[in-house]
Amino acid sequence: MDMKVVVADDSRVMRQIVIRTLRQAGYDWWEIEEAENGADALTKIREIQPDFVLSDWNMPEMTGIELLRNLRGEGNQTPFAFVTSEGSESMRSQAEQAGALFLISKPFTADVFRDTIDPFIA
Amino acid sequence: MTSAATWEPLTGMDPVMTIAQDLFTTMIDGEPGHLSPWLGDTPVLEDPRYAWVDVDGPVVTRVMLMAGRATGENLTRALLAMDADEPVSDADFADAVGEIANVVGGNVKSLVTNPGALSLPVVGRDEPDNSSAMRIMATYFGWKGAPLGVSLWALT
């Protein structure tokens, strides 16, 4: 089964860490497209129609929550989750209300990725 | 026989220390034990660099990191899984060190009452102007023997 995933983060370093951690968590078969902010991700999601989006929250041009609201606003129901440095209850609640599956806060480990993501891709 | 004194039970209670140790254990070192409180005189940073993020709110909280350029390069290599002698570009340096400030800032934000938005990280050779700010805390950690400064400021 092919699995196309968009990883959005304005930090190239963090995108590499997220992708490396996904590999360590066992998702080395995912085909990953990187996006450097929410606007870039929106374009790429429309273009490649991924199966899953993992996005940072705080990004220039378009934040992660704006990206998610834009997608849902145009009827796009691509499964979406956050990987962000902020993991407060308020942000988790905002994420859930906007339609995110989950929010992983930084710092994270491969175990956290596996335990959090596995139930949604089974 | 006497046992060595340890300050760990006291210093380990510091929430910033806990945040930093989590970050270094999971994403930088891949194992615990390489970041500890700096014991002794205030260290002098060689060729210092500064990275900070601001947490907006009724009072803006600034989270600032300080490290020598060489230490920042080693942090960048660790984050990017680079070889020990691989050159580090300015762009990767700013990105990596800024992201460390961002993760610490994001976790500090969760401890602040009524926080607003977290700013994007800024990295530079010059310390930001904290002259009208109130210092909430400042401390140094030792990472593999090299000093790293962390401070929190309330901007007025």
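Points to keep in mind about this one:
- Measuring max minus min along each principal axis, the C-alpha atoms of chain B give extents of 52, 43, 27 Å (largest first).
- Linear extension gain, B:ASP14 paired with B:VAL44, 0.36 nm per residue minus alpha-carbon span: 8.5 nm
- If you take the alpha carbon atoms of chain A and fit the smallest convex hull around them, that volume is 96 Å³ per residue.
- Mean per-residue shielding of peptide A:5-15 is 4, counting Cβ atoms of other chains within 10 Å of each Cβ.
- Neighbour counts of other Cβ atoms within 10 Å put B:VAL108, A:VAL5 in the fewest-to-most order A:VAL5, B:VAL108.
- Low-density loop cleavage sites - GluC sites (Glu not before Pro) in region A:70-122, where at most 16 other Cβ are within 10 Å (DSSP): A:GLU74
- Largest GNM mean-square fluctuation among B:GLU86, B:GLU73, B:GLU46, using chain B with Cα springs under 10 Å: B:GLU86.
- Note on chain B: with a GNM built from Cα contacts shorter than 10 Å, the maximum mean-square fluctuation among B:PRO128, B:PRO37, B:PRO87 falls on B:PRO87.
- Cβ-to-Cβ counts within 10 Å put A:PHE120, B:PHE141 in ascending order as A:PHE120, B:PHE141, the fewest first.
- Neighbour counts of other Cβ atoms within 10 Å put A:TRP57, A:TRP29 in the fewest-to-most order A:TRP29, A:TRP57.
- Lys, Arg +1 and Asp, Glu -1 on Cβ, resulting dipole of the protein assembly as shown about Cα centre, debye, nearest 20: 540 debye
- Computed helical MRE - 222 nm, the protein assembly as shown, DSSP H runs ≥ 4 contributing -39500 (n - 2.57), nearest 500: -11000 deg cm²/dmol
- Averaged over the residues of B:24-37, the number of partner chain Cβ atoms lying within 10 Å of the residue Cβ comes to 2.
- Across peptide A:94-102, the average count of Cβ atoms from other chains found within 10 Å of a residue's Cβ is 0.
- Within the protein assembly as shown, the proportion of Cα pairs with more than 25 Å between them is 47 percent.
- Under-24-angstrom lysine pairs by C-alpha in the protein assembly as shown, whenever the two are 8 or more apart or on separate chains: 4
- Averaging Cα coordinates gives a centre for region B:107-140 and one for region A:72-122; these two points are 26 Å apart.
Here, each number is a calculation from the coordinates, and none is a lab measurement. Predicted model, so just to flag it, every value in this text is computed and none were measured. Glycine gets a Cβ as well: all are built from the backbone with ideal geometry, and neighbour counts include every protein chain shown.
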